[in-house]
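K.L.:
Dropping the structure in here first, questions after.
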Amino acid sequence: MIDEMYPPQNRWEMKLDVAVSKSFSEKMDPKDIPDYPEVRQQYPDETRAIINMSLFKDMNESNKDEELEKVYRLIQFCREKGIKKYIIYIVYYEERLLKEKGRDIEVGPEYDDYRTHRISVTNKDAETVRTPKDLEKYLVEFPK
């Protein structure tokens, strides 16, 4: 789904991770860890899905609604799959960065001037999200 919505040629970096609580880690036998769907079902409050992306995508008024729709779809996916705790964090960089520096650069503060927007939404934030438009308050524009 992420590849469909955020084509790899537009992605600079993507991390999909699962964090677990300390109490969860202490309960698990390292030699007998259940698979992720089982863990998510049995311990929904002790795991967190983390979706972190950096995109080469010019964000503007003409495509803002489309980008918010994509984040909304990610929230819907989490809801449908019963993922109780999650964070979605996306940073948009000017497409000219890709043209100027190429794909093989490392994400870092030296490219902060190319950042245009970010959106950060947690499961708590999403409790009040009913439409993509509701996500506008989580979209931040970086100062020029």
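The values are calculated or read from the model by the stated rules, or taken from the named source; none is laboratory data. Just so you know, these numbers come straight off a predicted model, no measurement behind them. Cβ: placed from backbone, ideal geometry, glycine included. Neighbour counts: every protein chain shown. In case anyone asks, the SASA skips ligands and DNA or RNA and just uses the protein heavy atoms, side chains included. Shrake-Rupley method; radii C 1.70, N 1.55, O 1.52, S 1.80 Å.
K.L.:
Out of E38, E13, E67, which single residue is open to solvent by 40 Å² or more (accessible area, probe 1.4 Å) and in a helix (DSSP H, G or I)?
P.N.:
E38
K.L.:
Would you check which residues across region 75-96 are under 17 Å from N10 (Cα atoms) and crowded, with 18+ Cβ neighbours inside 10 Å and list them?
P.N.:
I90, V91, Y92, Y93
K.L.:
Looking at V129, V107 in this structure, which one is over 18 Å from Y6 (Cβ atoms) and assigned to a loop (DSSP other than H, G, I, E, B)?
P.N.:
Being over 18 Å from Y6 (Cβ atoms) and assigned to a loop (DSSP other than H, G, I, E, B) holds for just one of V129, V107, which is V129.
K.L.:
What are the pairs with Cβ atoms under 9 angstrom where one residue, in region 126-138, is modelled with pLDDT of 95 or more and the other, located anywhere, is surrounded by fewer than 12 Cβ atoms within 10 Å (Cβ to Cβ) and of a type in the set (S, T, N, Q)? Sequence gap at least six, or different chains.
P.N.:
D134/T128
K.L.:
Given the criteria of a type in the set (S, T, N, Q) and free of Cβ contacts under 8 Å to residues at least 24 places away in the same chain, does T122 qualify?
P.N.:
Considered against the rule, which asks whether it is of a type in the set (S, T, N, Q) and free of Cβ contacts under 8 Å to residues at least 24 places away in the same chain, T122 comes out as no.
K.L.:
Out of all the residues in region 16-35, which are open to solvent by less than 60 Å² (accessible area, probe 1.4 Å) and without any contact (Cβ under 8 Å) to a residue 12 or more places away in the chain?
P.N.:
Residues satisfying the conditions are M28, P34.
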